[in-house]
Amino acid sequence: MRKALLAIYRKLFRHFGPRHWWPGEGAFEVMVGAILTQNTAWPNVEKAINNLKKEKALSPKKLETIKLKKLRRLIKPSGYYNEKAKKLKNLTAFLRRSCGFEIKKLKRKKLKELRRSLLGVNGIGPETADSILLYALEKPVFVVDAYTRRIFSRLGLIGENAGYAEIQSFFTDNLPKKTKLFNEYHALIVELGKTYCRKGRAICGKCPLKLGKKRGNMV
DNA sequence: CACCAGGCAAGTA
DNA sequence: TACTTGCATGGT
């Protein structure tokens with residue numbers, strides 16, 4: 001299985017090239033993006049982030065004190081703005097108490113502890129926590145998302161109703177535990193998903209992987 | 001025009 | 001424990 005997973009990775013890399021993720025500058029911006037992109041297309045998130053930048057509000061200290069109402073208005077294009085505004089507030093509160101806004105200190109914490117504490121924040125679930133760990137804190141954590149489940153179940157490599165943890169260990173148990181590799185692999189999966197493997201659509205013929213067609217397409 | 005997007009938490013049975 | 005539902009804008 002190790003070979004198969006690496007072969008898929010290489011195929012995707014050849015096809016798409018490096019993705020240069022995360023498309024944001026700085027750990028905090030990545031964390032904000034991770035929350036704003038929940039069930040939301042990235043272009044909408046970019047608009048929200050640009051609004052925050054224009055208001056010079058894209059720092060933990062600013063987001064800590066900004067009025068909820070104003071925050072809602074700024075992030076509006078990313079959808080779910082009432083909930084996401086609260087979530088961003090929860091994130092800043094977490095950063096305040098866990099490291100006093102010094103991300104370096106956060107990086108030094110034990111991975112397992114850190115993940116648990118992230119999951120304790122209301123608004124941060126498994127995927128968001130892992131995205132933060134991988135793309136903001138550069139920890140070797142594999143991120144599982146809807147595309148990962150869809151693509152690898154279409155490939156027949158994981159069960160259709162495998163849970164998050166199960167899918168995650170499928171990857172981490174069968175790949176070298178390298179941050180760089182996990183970073184690129186997840187980004188490539190998303191690119192493949194967006195381009196050839198969207199929900200409810202037929203798979204494009206140019207898809208670089210052989211994905212099952214009958215059952216999987218509508219998942 | 002209908003449906004989906006780089007989810008999550010709260011509610012229900 | 002295992003489903004379901006609300007959240008909401010913008011692209012295809």
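Values computed for the structure shown
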item: Residues within the stretch A:101-128 that are more than 16 Å from DNA strand C (Cβ to nearest atom) and not in a helix (DSSP H, G or I), tallied; result: 5
item: Checking A:Ala48 against (1) within 13 Å of DNA strand B (Cβ to nearest atom); (2) under 15 Å from the mean Cα position of the chain (by Cα); (3) of a type outside the set (D, E, K, R), the condition it does not meet; result: (2)
item: Test: residue in the stretch A:137-145 that is within 16 Å of DNA strand C (Cβ to nearest atom) and either outside the structural domain of A:Lys86 (by TED's automatic domain parsing) or surrounded by 13 or more Cβ atoms within 10 Å (Cβ to Cβ) (or both); result: yes
item: Tally of residues being under 28 Å from A:Gly100 (Cα atoms) and assigned to a loop (DSSP other than H, G, I, E, B) across the stretch A:14-52; result: 8
item: Conditions (1) surrounded by fewer than 17 Cβ atoms within 10 Å (Cβ to Cβ); (2) within 16 Å of DNA strand B (Cβ to nearest atom): number failed by A:Glu102; result: (2)
item: Number of the exception - A:Leu188 against (1) farther than 30 Å from A:Lys110 by Cβ; (2) buried (at least 19 other Cβ atoms within 10 Å of the Cβ); (3) modelled with pLDDT of 95 or more; result: (1)
item: Residue selected from the stretch A:108-128 under the condition charged (D, E, K, R) and surrounded by fewer than 16 Cβ atoms within 10 Å (Cβ to Cβ), by the criterion nearest to DNA strand B (Cβ to nearest atom); result: A:Arg116
item: Residue check for A:Lys11: assigned to a loop (DSSP other than H, G, I, E, B), away from DNA strand C (no atom under 16 Å from the Cβ) and among the basic types (Lys, Arg); result: no
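The values are calculated or read from the model by the stated rules, or taken from the named source; none is laboratory data. All values reported here derive from a predicted model rather than from experimental measurement. Every residue, glycine among them, receives a Cβ derived from its backbone with ideal geometry; neighbour counts consider all protein chains shown.
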